[in-house]
Ligand code: NI
Ligand code: MN
């Protein structure tokens with residue numbers, strides 16, 4: 001079974017792993033880069049990394065329509081359940097759980113997590129997927145942190161890092177993050193959605209090539225990247 005990663009702008013990534021569709025941070029309505037709508041996107045699982053509106057996005061509507069299981073931290077999972085998500089799975093930082101697509105571990109992320117109505121959203125998280133084709137680390141919204149070295153020690157096929165700056169790490173720090181993480185492939189996210197996070201992804205890719213051993217993979221919105229099965 002093939003494994004793929006499709007980018008829909010901002011931090012919206014659709015993973016297809018072991019025949020399951022896992023949608024991360026489905027901010028589609030109001031996302032100028034989205035090439036798919038909340039009414040049509042398919043999902044078996046939705047993962048919400050933190051409480052900000054540009055990440056919670058259309059989670060509730062998509063969960064109701066698709067009956068997807070929404071995975072998030074304890075605080076956000078409970079908030080989503082209260083607001084109509086039919087099925088949730090709450091986890092927290094450092095915890096792993098084996099799902100039918102593979103194992104997901106939640107990692108630290110340095111950011112905020114207030115929910116759209118002002119509710120407390122707990123701590124933001126990053127995602128470490130352990131799949132049949134290797135480990136995928138999706139940092140989500142965060143600044144650079146040295147513990148990325150520990151995440152890198154798990155052995156990474158792919159890392160997805162924010163490069164937009166202003167709200168998250170920018171291009172230079174994402175290069176340092178790549179040095180800590182040592183993935184085979186690094187994919188940028190959380191950039192060009194709004195003017196304040198505009199970045200030159202080509203320049204970023206040149207920096208990755210010259211300063212790390214990872215291969216940069218810049219996906220345009222709507223583009224699907226396939227990982228070969230072992
Ligand atoms: Ni955020
Ligand atoms: Mn964000």
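Listed values, structure above:
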{"read-out": "Simple spin-label estimate for residue 172 and residue 120 in nanometres, 7 Å along Cα-Cβ", "value": "3.7 nm"}
{"read-out": "Angle between the chain longest axis and helix 201-211 axis [Cα atoms, degrees, rounded to 10]", "value": "50 degrees"}
{"read-out": "Residue-span extension gain [residue 179 to residue 103] - 0.36 nm each, minus C-alpha spacing", "value": "24.9 nm"}
{"read-out": "Whole-number percent relative contact order across the range 138-217, with pairs defined as alpha carbons under 8 Å at least 6 apart", "value": "31 percent"}
{"read-out": "The range 159-219-the range 77-92 distance, computed between alpha-carbon centres (Å)", "value": "31 Å"}
{"read-out": "Stokes-Einstein D for the chain, Kirkwood Rh over Cα pairs, 37 °C, 0.692 mPa s (µm²/s)", "value": "191 µm²/s"}
{"read-out": "Antiparallel bridge percentage (DSSP; both residues within the range 3-216; nearest 5)", "value": "55 percent"}
{"read-out": "More than 17 Å apart - percent of Cα-Cα pairs taken over the range 92-180", "value": "49 percent"}
{"read-out": "Percent RCO, i.e. relative contact order, over the range 49-186, from Cα pairs under 8 Å lying at least 6 residues apart", "value": "18 percent"}
{"read-out": "Value of relative contact order over the chain, rounded to a whole percent, pairs C-alpha under 8 Å and six or more apart", "value": "18 percent"}
{"read-out": "Principal-axis tilt of helix 171-181 within the chain, Cα atoms, nearest 10 degrees", "value": "90 degrees"}
{"read-out": "Computed FRET value (nearest 0.05) for residue 18 with residue 110, which takes r as the C-beta separation and R₀ as 25 Å", "value": "0.20"}
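Bear in mind these aren't lab numbers, they're just calculated from the coordinates by the rules spelled out. Since this is a predicted model, take the numbers as computed values, not measurements. So basically every Cβ, Gly included, is an ideal-geometry build from the backbone, and we count neighbours across all protein chains shown.
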